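J.: Please see the structure below; I have some questions.
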Amino acid sequence: MTAQTDEAQVAATPEFGRARLRKEDERLITGQTNWTDNIQLPGMLHIAYLRSPFAHARITSVDVSAARTEPGVIAAYSGADFADEQGSLPCAWPVTPDIIIPAHPPMAVDEVRYVGEAVACVVARDRYTAADALAAIEIDYEELPPVLDIRTALDEDSPKVHEAGNKSFYFEFPVGDMAAAFRDAPVVLERTFRQQRLIPAAMEPRAVVCTCVGGEFTLWSATQIPHVLRVMLALVTGIPEQNIRVIAPDVGGGFGSKLQVTAEEVLAMLIARKLGRPV
């Protein structure tokens with residue numbers, strides 16, 4: 001049998017139904033994976049975030065001074081400490097040309113608009129010290145009316161989460177003559193469908209490690225979009241794109257939940273630059 005015959009037989013083998021071995025299985029099942037959380041750099045510090053308990057509130061005061069005196073704490077910041085450099089989180093995947101994308105600072109400065117929004121942070125020698133020191137931060141809120149029902153969110157008297165209103169975009173797929181289809185249909189059924197909330201549950205939550213050496217940043221992130229993230233980080237922070245390197249190690253699941261630029265990615269870069277230490 002000649003080499004040409006061998007090649008002809010391989011080419012003739014149908015692709016459908018052929019076994020395909022996964023190239024990453026061996027290191028996954030033998031524990032040789034490299035998750036972002038596994039990364040340990042010399043002198044690395046850990047960040048813990050204090051997050052809003054309110055869906056909508058005005059921040060009236062933030063005092064992080066007591067947290068700074070806690071043993072093992074290196075720094076503590078409020079949103080005001082980043083106000084001039086943190087920019088606004090972009091929408092990495094705009095849906096329509098006229099989409100409204102309101103300002104979204106990575107750390108809230110004046111107002112919080114969802115439960116869990118970062119309002120302050122502590123940087124410490126280990127993650128447990130950082131988390132414990134959050135209790136020393138004093139913050140006061142003035143509660144504002146939240147939007148609790150998507151069915152009434154666009155009503156005129158609905159509370160406004162953003163000054164531009166609650167509508168971001170209207171997305172439709174026009175196919176054929178809808179008016180004629182309904183007009184000529186022998187039977188028309190009307191139903192209201194309530195869809196469940198979609199919450200992808202990855203084995204690995206969001207995780208970020210960042211180091212800054214000589215004005216050059218290396219960011220390890222459990223992201224699905226390292227190339228998009230690099231561009232967006234440059235646009236948000238003003239740091240030249242050629243000074244940013246983004247590495248996506250093994251990502252423990254995403255399912256679309258890691259297709260955006262997150263607040264922690266931006267803040268990790270800014271904090272690493274402030275402290276000159278990996279975080």
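J.: Between the alpha-carbon centers of region 205-279 and region 105-131, tell me the distance in whole angstrom.
T.: Taking the Cα centre of region 105-131 as reference, the centre of region 205-279 is 17 Å away.
J.: As a check on your grasp of the helix formula, calculate [θ] at 222 nm for the chain: sum -39500 (n - 2.57) over DSSP H runs of n ≥ 4, divide by the residue count, round to the nearest 500.
T.: Details: 7 runs with 58 residues, N = 279.
Result for the chain, helices only: -5500 deg cm²/dmol.
J.: Subtract the Cα-Cα distance of ALA153 and LYS274 from 0.36 nm times their separation in residues, and report this length gain in nm to one decimal.
T.: Numbers: separation 121, 0.36 × 121 = 43.56 nm, distance 4.01 nm.
Answer, rounded to one decimal: 39.6 nm.
J.: Could you compute the FRET efficiency for ALA234 and TYR114, with r as their C-beta to C-beta distance and R0 at 22 Å, rounded to 0.05? Please list the in-between numbers first.
T.: Values: r = 26 Å, r/R0 = 1.18.
Calculated transfer efficiency: 0.25.
J.: In nm, what is the difference between 0.36 nm times the number of residues separating ILE139 and GLN242 and their Cα-Cα distance? Before the final figure, lay out the partial values.
T.: Details: separation 103, 0.36 × 103 = 37.08 nm, distance 3.81 nm.
Full extension from ILE139 to GLN242 adds 33.3 nm.
J.: Using the Kirkwood formula on the Cα atoms of the chain, what hydrodynamic radius do you get, in angstrom to one decimal? Walk me through the numbers before you get to the answer.
T.: Details: mean 1/r = 0.0444 Å⁻¹.
Roughly 22.5 Å, rounded to one decimal.
J.: Also, I was wondering about something else. Can you pull out the trypsin sites (Lys or Arg not before Pro) in region 184-252 whose DSSP state is coil and whose Cβ has at most 11 other Cβ atoms within 10 Å?
T.: Values: sites: ARG191, ARG194, ARG197, ARG206, ARG230, ARG245; in loops: ARG191, ARG194, ARG197, ARG206.
In loop regions of region 184-252 (DSSP not H, G, I, E or B), the sparsely surrounded trypsin sites (Lys or Arg not before Pro) are ARG191, ARG194, ARG197.
J.: Continuing with this model, one more query. Considering only protein heavy atoms and a 1.4 Å probe, what is the carbon-and-sulfur percentage of the accessible area of the chain? Present the calculation step by step, with values, prior to reporting the outcome.
T.: Details: 9810 of 18050 Å².
Percent of accessible area from carbon and sulfur atoms in the chain: 54.
J.: Given the protein chains as shown and a 1.4 Å probe, how many square angstrom of GLU142 are accessible, to the nearest 10?
T.: Approximately 90 Å² for this residue.
J.: Additional query: May I ask for the distance between the Cα centers of region 157-178 and region 38-72, given as a whole number of Å?
T.: Rounded to whole Å, the Cα centres lie 35 Å apart.
J.: Could you work out the relative contact order of region 53-174, using alpha carbon pairs under 8 angstrom and six or more residues apart, expressed as a whole percent?
T.: Details: 194 pairs, mean separation 46.8, N = 122.
Reported as a whole number, the value is 38 percent.
J.: With point charges of +1 on the Cβ of Lys and Arg and -1 on the Cβ of Asp and Glu, referenced to the Cα centre of the chain, which listed residue (VAL228, ALA19, GLY214) lies farthest in the positive direction of the dipole?
T.: Value: ALA19.
J.: Enumerate the residues in region 247-264 having an amide nitrogen under 11 Å from the point lying 7 Å beyond the Cα of LEU198 toward its Cβ.
T.: Taking a point 7 Å out along Cα→Cβ of LEU198, the residues of region 247-264 whose backbone N falls under 11 Å are 255-257.
J.: How high is the relative contact order of the chain, in percent, with contacts defined as C-alpha pairs under 8 Å that are six or more residues apart? List each step's numbers first, then the result.
T.: Details: 446 pairs, mean separation 66.0, N = 279.
With pairs under 8 Å counted, the relative contact order is 24 percent.
J.: Suppose each label sits 7 Å from its Cα in the direction of the beta carbon; what would the GLU85-ARG68 distance come out to in nanometres?
T.: Reported label-point gap for GLU85 and ARG68 is 1.5 nm.
The values are calculated or read from the model by the stated rules, or taken from the named source; none is laboratory data. Everything numeric in this text was worked out from a predicted model, so none of it was measured. Please note: Cβ atoms are built from the backbone with ideal geometry, for glycine as well, and neighbour counts cover all protein chains shown. Side chains included, ligands, DNA and RNA excluded: accessible areas come from the protein's heavy atoms. Shrake-Rupley method; radii C 1.70, N 1.55, O 1.52, S 1.80 Å.
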